[in-house]
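One structure is given below, encoded as structure tokens.
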Amino acid sequence: MISKNSSLSRVTAAGMLVAIGIVFGDIGTSPLYVMKAATAINSGYDTDYIIGIVSCVIWTLTLQTTVKYVLIALRADNNGEGGILALYALLRRIPRKWLYVVAAVGAAALIADGVITPAITVTSAVEGLRAVVPEVKVCPIVLVIISGIFLMQQAGTKRIGHLFGPFMFIWFAMLGVLGAINILEGVSILKAFNPWYAIRLLLDSPEWFMIMGAVFLCTTGAEALYSDLGHCGRKNIAFSWIYVKAMLILNYLGQGAWLISVGAEDVSENPFFAIMPHWFTVVGVMMSTGAAIIASQALLSGSFTIFSEAFSLGLWPKLKVKYPSREKGQLYIPAVNYALLAGCLLTVAIFQDSSHMEAAYGLAITVTMLMTTVLLALWLRSKGVPLMLCMAFVVVFVTVEGLFFAANLFKFVHGGWYSILIAGVVAFVMVVWHKSSSLRADYLQFRSFDDCKNMITAIKHDSTIPKYASNLIYFSHSRVRNQIEDKIVYSIVNKQPKRADHYWFVNIETDDSPDTLEYDVDIIEEQTIYYVTMRLGFREQPKVSVYLRQIVEDIVASGSLDLLSSYPSLRSRGIAGDFRFIILHRIFSPSSNCSRKSTVMMRLYEFLRCIGVSDQSALGLDTSVVTFETVPLIINTENGRRIVRVSDF
């Protein structure tokens, strides 16, 4: 449906290289800490334990990443775009009011993952220096690198982005080669391809839940893989995953073989760096740090995209968005960037080393995966997949992810609380903002244009009223084109009669497709009243001034609008009339008579509104003439008392 989708529908070497650089950064850095976390659970491990761990990793990558995400989720694209909010946009027309809660919780958990991932990947990479310089202070180096990653966001990544693909291709090749040359150290590790070793380990080990918590770290990047669908296309991601998965498995096999060969008594360092030749360690640390930076960059870009979508889907107050380059998908949200930076620095300060961070890592992303499973099941059903198959999908993946979630819950007191706290705060804001915005919309009052257009036309021709503007623009929330908010009519007629040559009422609709950019115009009264509906994709930023100017040019070209100023001195010189925007602020009125719950929601809305930017900036009216008016929002859901007279007149 969208042109960019067709350009990504083909498998090309360049497309796969881009996918390797953008999509697999998170999952590609997991070998840095997975086996280290697994061996920390059982310091006296034996051969069967290591084979079982690697078997768990292989089959987790196969079932969770390959089957669920590569083979199924990547097909659930919204005109080429992926991710949990893009999936929600596909489904939000389904009459299930709780769907937005599922989407909000899943997106919030993904944001929490975006806070912890840069900290754990960069820390794990820099800790490799201890193999060369044992007394090196890791935390200061990590803090400097993380600060640099976030500070460079405002300049965009266009200049260095083309290097991500080649670098990550070499990174994965390095993983595969290092793993392959170590497999001969313990060829029994090849038994890990038999899933029975994974099953037996989990059945026989009393610490199975801790093992699952460690193993799950190998697939934490799967959700990011789905979110980056729009950058690379399904086929490019799917085919490049064959290479990526092969290199990852080779590395895990190599680490496992090395652990078997040296025995539990001699393990004192991260097996990822231990399998490297000593002369290669410094190069390995540099490569690991570069891969960690790229993984962090991909998650940051994904976080910006999530918030951008959340604005349009009514899940977050509008924030200031910048565009560092003209490349599609390159956006920068300063408030989000610095909030994530603070979170990452706090993560490093609290947990100090990657071993402690592992406890905070993984719990939140299991929540995202569970929420994605719910939405995917509904999507499969909407596509006509038989109910029994949909139920089988839910049972299999809710069971697997539920076990991972339960396993990670055991890490709650050791650090899991941190990621859940972050996810909880973000989800709370999303749910409250969506609920309170919907509640406000439910109590708007409307009037038909048939009832008020004659009055507006009369004001236009009443020369005793001072002219307010040549073109007066209001923003309407009416879902019916022949209706307008009562408060807008009140502003034009009662609050201060506003005479203008043309009255424009603009309604902005968020389309379920990501890149929609179209409009309709209804001429309510010739040369006087125009109702404009702008339909914008959920990834498009409102630039109302720009779009309205283009719409006006189209109407003038059609002969349905005389845009020249009505002032003779200006009209004779061919000067167009001026434009003034009116933005109404609906403030919850103390005179409302509603339930305590509604009152609390309205108060929370006013508080959360302070997080976002002004309506002028959110609508792209920074350079326009804008007037703000405050009007009361009165919610009456209960019969109030009436004052009683106690004496005669």
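The values are calculated or read from the model by the stated rules, or taken from the named source; none is laboratory data. Note that the coordinates shown come from a computational prediction; the quantities given were computed from them, not determined experimentally. Glycine gets a Cβ as well: all are built from the backbone with ideal geometry, and neighbour counts include every protein chain shown. When the accessible area is computed, the model is the full protein with side chains, heavy atoms only, and any ligands, DNA or RNA have been set aside. Shrake-Rupley method; radii C 1.70, N 1.55, O 1.52, S 1.80 Å.
Might you let me know whether the stretch 150-166 holds any residue that is open to solvent by less than 60 Å² (accessible area, probe 1.4 Å), closer than 18 Å to residue 35 by Cα and not acidic (Asp, Glu)? No - not one qualifying residue is present in the stretch 150-166.
Of the numbered criteria (1) surrounded by fewer than 21 Cβ atoms within 10 Å (Cβ to Cβ); (2) touching a residue at least 60 places away in the same chain (Cβ under 8 Å); (3) aliphatic (A, V, I, L, M); (4) not in a strand (DSSP E or B), the one residue 488 fails is (1). Selection within the stretch 101-114: residues that are under 14 Å from the mean Cα position of the chain (by Cα) and open to solvent by 10 Å² or more (accessible area, probe 1.4 Å). The member of this set that is farthest from residue 147 (Cα to Cα) is 102. Taking the criterion of being modelled with pLDDT of 80 or more and either part of a strand (DSSP E or B) or open to solvent by less than 50 Å² (accessible area, probe 1.4 Å) (or both), the residues of the stretch 587-603 that qualify are 587, 599, 601, 602. For the stretch 189-225, a residue qualifies if it is open to solvent by 10 Å² or more (accessible area, probe 1.4 Å), part of a loop (DSSP other than H, G, I, E, B) and hydroxyl-bearing (Ser, Thr, Tyr), and exactly one does: 205.
All of (1) free of Cβ contacts under 8 Å to residues at least 60 places away in the same chain; (2) outside any helix (DSSP H, G or I); (3) open to solvent by less than 80 Å² (accessible area, probe 1.4 Å); (4) closer than 21 Å to residue 505 by Cβ hold for residue 584 with one exception: (1).
Screening the stretch 78-109 for residues that are among the β-branched types (Val, Ile, Thr) and modelled with pLDDT of 85 or more and picking the one that is farthest from residue 233 (Cα to Cα) gives 101. For the stretch 534-551, the set of residues classified as touching a strand residue (DSSP E or B) at 6+ places or on another chain (Cβ under 8 Å) and within 17 Å of residue 471 (Cα to Cα) consists of 544, 547, 548, 551, listed by residue number. Surrounded by fewer than 17 Cβ atoms within 10 Å (Cβ to Cβ) and modelled with pLDDT of 85 or more: does that describe residue 607? In short, yes. When the stretch 121-145 is examined, which residues are found to be under 26 Å from the mean Cα position of the chain (by Cα) and of a type in the set (Asp, Glu)? Of everything in the stretch 121-145, nothing turns out to be under 26 Å from the mean Cα position of the chain (by Cα) and of a type in the set (Asp, Glu). Note on the stretch 292-306: among residues that are open to solvent by 10 Å² or more (accessible area, probe 1.4 Å), aliphatic (A, V, I, L, M) and touching an Asp or Glu at 6+ places or on another chain (Cβ under 8 Å), the one that is nearest to residue 25 (Cα to Cα) is 298. The requirement of being in a helix (DSSP H, G or I) and surrounded by 14 or more Cβ atoms within 10 Å (Cβ to Cβ) is fulfilled nowhere in the stretch 464-477; no residue meets it. Summed over the stretch 29-56, residues that are farther than 24 Å from residue 371 by Cβ, assigned to a helix (DSSP H, G or I) and not aromatic (Phe, Trp, Tyr) total 17. Among residues of the stretch 207-234 that are closer than 24 Å to residue 77 by Cα, those with a Cβ under 8 angstrom from a residue that is of a type in the set (Asp, Glu) and not in a helix (DSSP H, G or I), sequence gap 6+ or separate chain, pair up as 229/77; 229/81; 230/77; 230/81; 234/77.
Tell me whether the stretch 92-100 contains one or more residues that are within 27 Å of residue 311 (Cα to Cα), surrounded by fewer than 17 Cβ atoms within 10 Å (Cβ to Cβ), in contact (Cβ under 8 Å) with a residue 12 or more places away in the chain and hydroxyl-bearing (Ser, Thr, Tyr). So far as the stretch 92-100 goes, no, none of its residues is within 27 Å of residue 311 (Cα to Cα), surrounded by fewer than 17 Cβ atoms within 10 Å (Cβ to Cβ), in contact (Cβ under 8 Å) with a residue 12 or more places away in the chain and hydroxyl-bearing (Ser, Thr, Tyr). What about residue 420, is it touching a residue at least 40 places away in the same chain (Cβ under 8 Å), of a type in the set (A, V, I, L, M, F, W, C) and in a strand (DSSP E or B)? So residue 420 fails the test.
Among the residues of the stretch 424-462, those that are without any contact (Cβ under 8 Å) to a residue 12 or more places away in the chain, within 26 Å of residue 563 (Cβ to Cβ) and open to solvent by 80 Å² or more (accessible area, probe 1.4 Å) comprise 454, 461. On the stretch given as the stretch 567-581, residues that are not in a loop (DSSP other than H, G, I, E, B) and not polar (S, T, N, Q) total 7.
For (1) open to solvent by 30 Å² or more (accessible area, probe 1.4 Å); (2) at pLDDT below 90; (3) of a type in the set (Phe, Trp, Tyr), each residue gets a yes or a no:
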| residue | (1), (2), (3) |
| --- | --- |
| 320 | yes, yes, no |
| 325 | no, yes, no |
| 341 | no, no, no |
| 359 | no, yes, no |
| 373 | no, no, no |
| 376 | no, no, no |
| 386 | yes, no, no |
| 398 | yes, no, no |
| 407 | no, yes, no |
